[in-house]
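Novice: Structure below; questions to follow.
The values are calculated or read from the model by the stated rules, or taken from the named source; none is laboratory data. These numbers were taken from a predicted model, which means no experiment stands behind them. Because the Cβ atoms are built from the backbone with ideal geometry, glycine has one as well, and the counts that use them run over all protein chains shown. Just so you know, the surface numbers come from the protein's heavy atoms only, side chains and all, with ligands and any DNA or RNA stripped out. Shrake-Rupley method; radii C 1.70, N 1.55, O 1.52, S 1.80 Å.
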Amino acid sequence: MADFIRKIKGRGRLVTQILFAAFTNSYVRGFAKGRIFTGKTKYVCVPGLNCYSCPGALGACPLGALQNTFAARGYKFAFYATGFLLIIGAVLGRVVCGFLCPFGLIQDLIYKIPFVRKFKKLPADRVLKWLKYVLLVLFVILLPLFAVDATGQGKPWFCEYICPSGTLTAGIPLVLANKALRSAIGFLYAWKIAVLSVIILLSVVIYRPFCRYICPLGAIYGLFNPIALYRFTIDPDKCIKCGECEKVCKMNVSVFKKPNSAECIRCGDCRRACPTGAIKVQKPFK
Amino acid sequence: MSAKYRPAAVLIIIGIAFIVLGIARNEAADVYRKAINICLECMGIG
């Protein structure tokens, strides 16, 4: 029993990810019947990228909510969804990515698949990591706001053309279970399956390619990392600048130089690897 | 709370105000309406 508890403690993040994803996607009947949950909890946005058309989803996807409000006639600004993002971001920053995002969990699990060689980053990493900010501004804000039809209605561009979470957790299960939807698939579906396939294949060799280069939600939360209530600090008296934290960081962050980098998903590998215990979680209340 | 955390506290307060404003503008009802209907765009059907 003690051994089991020790094992669970060592995998605390994975256990949290699994429990949170299972809890927020616990409408099991939806998967069997090919339909989605319609309860009142869907008024509330979950913190991570979790398609609200996933048959199991109990909450709303914050990124989908943001785009749909921008796209709707008459609003021009998404106060409700932005409010959720401000609160979650200001408290946790990218802890959400590391612990509470189902699509992050999926990538983590895929990365565990053994492969002849794993890569620390893509060749154009420095440039590519800005892509998520471009997608945020263009596909999540500007296009839904301004690319509208004759009635003034826009559409959720990121959901429609890119989001692999929607394809994997909503597109595939619903198309498999629902004959009417199956008859409606076409080029767009094939495109989204292709995007998903590339991300899945890349996830085998690189840690979390979607979170690093594409995810607009991670881009938003990353902006909060330096000011969030949960943040890291380096004890200058203890840090010996050995670079061990940078070596173990799968997101390729120089933790001892930039402990609150927008790329850090707060997995905590650096804290466990630090030989002097110099990386600490700052306490907001003293 | 130390001064370093004031920006986060301010953002949390603004976030709460935004949610209240969003509910008043009926945005919450729109989010709910979208979330309880199958999102064809999300699935890749259009």
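Novice: Give just the number: which of (1) of a type in the set (Gly, Ala, Ser); (2) under 20 Å from the mean Cα position of the chain (by Cα); (3) within 7 Å of chain A (Cβ to nearest Cβ); (4) open to solvent by 30 Å² or more (accessible area, probe 1.4 Å) does B:GLY46 not satisfy?
Specialist: (2)
Novice: Turning to a different aspect of this structure: Does A:ILE185 satisfy being assigned by TED's automatic domain parsing to the domain that holds A:PHE37, of a type in the set (A, V, I, L, M, F, W, C) and touching a residue at least 12 places away in the same chain (Cβ under 8 Å)?
Specialist: When the stated conditions are applied, A:ILE185 does not pass them.
Novice: Considering only segment A:227-236, I want to know if a residue exists there that is at the interface with chain B (Cβ under 10 Å from one of its Cβ atoms) and touching a strand residue (DSSP E or B) at 6+ places or on another chain (Cβ under 6 Å).
Specialist: yes
Novice: Let me ask something additional. Between A:ARG126, A:ARG117, A:ARG94, which is surrounded by 24 or more Cβ atoms within 10 Å (Cβ to Cβ) and among the basic types (Lys, Arg)?
Specialist: Result of the check over A:ARG126, A:ARG117, A:ARG94: A:ARG94.
Novice: Next up: What pairs come out if I take residues in segment A:234-250 that are open to solvent by 70 Å² or more (accessible area, probe 1.4 Å) and pair them with residues that are in a loop (DSSP other than H, G, I, E, B) and of a type in the set (A, V, I, L, M) whose C-beta lies under 7 Å away, six or more apart or interchain?
Specialist: Taking only residues 6 or more apart or on different chains, the pairs are A:LYS238/A:ALA278.
Novice: Being out of contact with any Gly (no Cβ under 8 Å at 6 or more places or on another chain), at the interface with chain A (Cβ under 7 Å from one of its Cβ atoms) and modelled with pLDDT of 95 or more narrows it down to one residue among B:ILE19, B:ILE12; which is it?
Specialist: Selected residue: B:ILE12, the only one of B:ILE19, B:ILE12 that is out of contact with any Gly (no Cβ under 8 Å at 6 or more places or on another chain), at the interface with chain A (Cβ under 7 Å from one of its Cβ atoms) and modelled with pLDDT of 95 or more.
Novice: May I ask you to say which residue of A:ILE220, A:ILE206 is under 15 Å from the mean Cα position of the chain (by Cα), of a type in the set (A, V, I, L, M, F, W, C) and at pLDDT 95 or above?
Specialist: Just one listed residue meets the conditions, A:ILE220.
Novice: Does B:ALA28 satisfy the criteria of being free of Cβ contacts under 8 Å to residues at least 12 places away in the same chain, in a helix (DSSP H, G or I) and out of contact with any Gly (no Cβ under 7 Å at 6 or more places or on another chain)?
Specialist: It is false that B:ALA28 is free of Cβ contacts under 8 Å to residues at least 12 places away in the same chain, in a helix (DSSP H, G or I) and out of contact with any Gly (no Cβ under 7 Å at 6 or more places or on another chain).
Novice: Taking the condition of being open to solvent by 30 Å² or more (accessible area, probe 1.4 Å) and either in contact (Cβ under 8 Å) with a residue 40 or more places away in the chain or closer than 24 Å to A:LEU63 by Cβ (or both), how many residues in segment A:97-114 meet it?
Specialist: Final tally of qualifying residues: 6.
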